[in-house]
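All remarks here apply to the structure that follows.
Every read-out reported here was derived from the displayed coordinates using simple, explicitly stated rules and does not represent laboratory data. Being a predicted model, the structure only gives us computed values, none of them experimental. Positions of Cβ are backbone-derived with ideal geometry, glycine not excepted, and every protein chain shown enters the neighbour counts.
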Amino acid sequence: MLRTHTCGELKALDIGKQVTLCGWVANRRDHGKLIFIDIRDRYGLTQVVFIPKESGEAYKTAQGLRNEFVIKLTGLVNARPKGTINSKLATGEVEVLAQELEILNPSNTPPFEIQDDIEITEEIRLKYRYLDLRRTKVFNNLLLRSNLYKVIRGYLANKDFIECETPILTKSTPEGARDYLVPSRANLGQFFALPQSPQLFKQILMVAGIEKYYQIAKCFRDEDLRADRQPEFTQLDIEMSFINEEDIFSLVEGLMKLIFKELKNIDIPTPFTRISYKEAVEKYNCDKPDLREQLKSDFAFCWVIDFPLFKFNKEENRWESEHHPFTSPDTTDLENLERAPDKVKSRSYDLVLNGTELGSGSIRIHRQELQEKIFQIIGLQKEEIQKRFGFLLEAFQFGAPPHGGVAFGLDRLLAILSGETSIREVITFPKNSNAFCPLTSAPSDVEDKQLKELGLTIRKEGK
């Protein structure tokens, strides 16, 4: 290692030690015969002092330091003089008397100061995201995300779940939002789609006998953006065999309780409140009620249950799935499937926190004949069913177990945990509200040669 300590760990016990630190110059203060800098890394801040007779060449080099220079320095840990101790800083009892200084890399003047309490436009922040991420508040959101993943993986590993990856390049099976399409060079004129969710693959994993699956999965939806939507987002995807709704509720409530205890030191009461879809709409005029005032609580979870299986699309004059077509109907409503679809309830459930839908799930259809019937009710012809979902129906012919699951938007959960109003604040490299990346300027034009290899041509607007 180039350093012996981080910039956040030196304490009074280290006085007298010779140490080497590496990091960025957070600020520089020239007091004539003394130069002070704060050196910063991801762990914190340490004050360094350069004195001509003590620091020698290091003092001369320090005269040229500017904010955000990357440096390496060696020196002695001293107690700060009386009256200069900074109790707000973890290293506030000490400072380092510099002996050697090396500039590892200079820096241009940043377009904004690396501080938390300054106003910066989102466009500038995203264009210089690597600088934005140096700010403590933004970095802490990134750290919170990492810690959330640790809690999730530990909890599910202890419950005997298997973490499985599913394909990113997959088949287009439109389920609501538009797919992101990827042209195939090897199969000209045909396209992959980026997954809106791992829905079909996780069901196939249940057919495969995995029984307990999870994945922290990237998902992609080409839809209009808002504060809680991004073109690519991350969800926790869970599926289990031989279970019912109560098993899902118990698993999820235990996970959420652990997350809030580990990351916020907050005890979340369980079991969560359950509200029927009908009650939610009639009482709160929405299907994701905010129960904070009604419940003790800054964080009010609830399950919304008993959703209708179908909704009627007046524009297309047909029934469509309320959630998705793989949701199992309530077994007591099977006789109404064809004669009165509007009366059929589903075995689906949404998890709502503070008026935000964190995720949804359902007990799935696992029998081929019932799945085909649902497809038919929502207006799919046999040829289309086979083309889009034939591989799933074929899998169901080889002993598909009863199964169900749930998926959560981790970006939305992180926004609530961190007190942010937009999920862009908790995503490392987000797109802006126009689905554009100011950092990389993506999406962008590609060369004609690339289009030719894919058998594509670009039609100009109006031609």
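Here are the numbers:
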quantity	calculated
Hz values of 3J(HN,Hα) by residue in segment 410-423 - Karplus curve (6.51, -1.76, 1.60), Gly and Pro given as x	5, 5, 5, 4, 5, 4, 5, 4, 8, x, 8, 9, 10, 5
Peptides 297-304, 84-91 ordered by average Cβ neighbours within 10 Å, highest first	297-304, 84-91
Sequence-distant residues sharing a close amide H with R364 (under 5 Å, placed H)	S328, H403, G404, G405
A79-L295 pseudo-label distance in nm [points 7 Å out on the Cα-to-Cβ vector]	5.2 nm
Shape call, segment 12-105: gyration tensor on alpha carbons, a/c limit 1.5	rounded
Rounded tilt (10° steps) of 136-158 against the dominant C-alpha axis of the chain	50 degrees
Long-range Cα-Cα pairs in segment 263-355 (distance over 21 Å), rounded percent	42 percent
Protection-proxy order for peptides 371-379, 347-355, each taking the mean of Cβ atoms within 10 Å per residue, highest first	347-355, 371-379
Percentage relative contact order, segment 130-448, counting C-alpha pairs under 8 Å, at least six apart	19 percent
Per-residue HN-Hα couplings for segment 223-235 [Karplus 6.51, -1.76, 1.60; θ = phi - 60°; Hz; x = Gly/Pro]	9, 4, 8, 8, 4, 10, 10, 9, x, 10, 9, 10, 10
Calculated SAXS-style log₁₀ I(q)/I(0) at q = 0.14, 0.16 Å⁻¹ - segment 64-205, Debye, Cα scatterers	-1.01, -1.11
Segment 130-146-segment 282-317 distance, computed between alpha-carbon centres (Å)	33 Å
For A193, distant residues with modelled amide H under 5 Å away	T170, K171, S172, V182
Residues with amide H under 5 Å from that of L309, placed H, sequence gap 5 or more	V344, K345, S346
Inter-site label distance for K137 and I168 at 7 Å from Cα along Cβ, in nm	3.1 nm
From phi via Karplus (6.51, -1.76, 1.60), per-residue ³J(HN,Hα) for segment 112-126 in Hz, x at Gly/Pro	8, 6, 7, 9, 7, 9, 10, 8, 9, 5, 4, 4, 5, 4, 6
Cβ-Cβ FRET estimate between D330 and T273, R0 fixed at 22 Å, reported to 0.05	0.60
Beta bridges by DSSP in the chain, antiparallel share as percent, to the nearest 5	90 percent
Angle between the chain longest axis and helix 368-377 axis [Cα atoms, degrees, rounded to 10]	90 degrees
Among 182-189, 275-282, the order from most to least packed when residues are scored by Cβ within 10 Å on average	275-282, 182-189
Difference of contour (0.36 nm per residue) and Cα-Cα distance, N187 to K452	94.1 nm
